[in-house]
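The structure appears right after this line, and notes come after that.
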Amino acid sequence: MAYRWVATSVAGFVQQLAVSYVGHGYWFYVQGQIPDGKDLTGVDRKLLGRYEVEVSKWTRARHKKVGKARIQYLRLDRQFVLVATRGEHPFFEAEKSQIRDIRRVPLKFAGYAIGCRRGRDRDRWHPSVRIERSVFHALKRRFREMALQRSADDLAAELRRLPFEPYAPVLDQVRQLLRAVNRRRKAAGLELVSTAVSYRRRAPVRPFG
């Protein structure tokens, strides 16, 4: 199968990055934006060629076996990310001033913060997708302001319309918003918003359409 790197939606970009890449040890990243006026395909080809990204899964397996890093490239519109596993690769020298470790510095994209955290056993790392902190704080202020002005049904609908995929950390944040709203409504003697809005199942998407 030909290598694919152009995501067709925010949900697809986030899923491919977090689940398929970060979840498989691609922890080192460079994030960038292609300037307006620059040819997207030309930039893609330049980066794909420079870092030998378009290789077969057998070649990737062979690189892993000999301790060579594996590289992936992902783009949505003009925003892109290069991600790498541990190992030796010219990528680390060429991009050393720009490289971040996603386990320490979450990647911010379209209102999300994509990171990596240790599991409960402390031995394995797991991808983490949440609403980026500043965006979440702005949402919390907004919902607190609306808590006494809107009906319970309207507030529930607003929570359901949030444009974030229901990853577990996102749902935890939605529950925080819900609790903040219901605390104000309870103190004012108003009907509480149903907790059902904070329970949704994420439907996988096709990242590349």
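The values are calculated or read from the model by the stated rules, or taken from the named source; none is laboratory data. These numbers come from a predicted model, not from an experiment. As a convention, Cβ positions derive from the backbone with ideal geometry for all residues, glycine included, and neighbour counts pool all protein chains shown.
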>> Quick check on my filter: what residues within the range 23-51 are surrounded by 10 or more Cβ atoms within 10 Å (Cβ to Cβ), within 22 Å of ALA110 (Cβ to Cβ) and among the charged types (D, E, K, R)?
In response: LYS38, ASP44
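Picking from VAL181, VAL197, VAL193, which residue would you name as being hydrophobic (A, V, I, L, M, F, W, C), modelled with pLDDT under 95 and touching a Leu at 6+ places or on another chain (Cβ under 7 Å)? Even if it seems obvious, please write down each step before you answer.
Details: VAL181 fails: modelled with pLDDT under 95; VAL193 fails: modelled with pLDDT under 95.
Answer to the selection: VAL197.
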>> Conditions first: (1) among the β-branched types (Val, Ile, Thr); (2) exposed (fewer than 12 other Cβ atoms within 10 Å of the Cβ); (3) closer than 18 Å to PHE208 by Cβ. VAL66 passes all but one, so which condition is the exception?
In response: (3)
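What residue, among those in the range 52-90 that are of a type in the set (Ser, Thr, Tyr) and at pLDDT 95 or above, is farthest from PHE109 (Cα to Cα)? Please lay out each step first, then the result.
Of all residues in the range 52-90, those of a type in the set (Ser, Thr, Tyr) come to 56, 59, 73, 85.
Of the ones still in play, those that are also at pLDDT 95 or above are 73, 85.
On the way: TYR73: 15, THR85: 20 Å.
That would be THR85.
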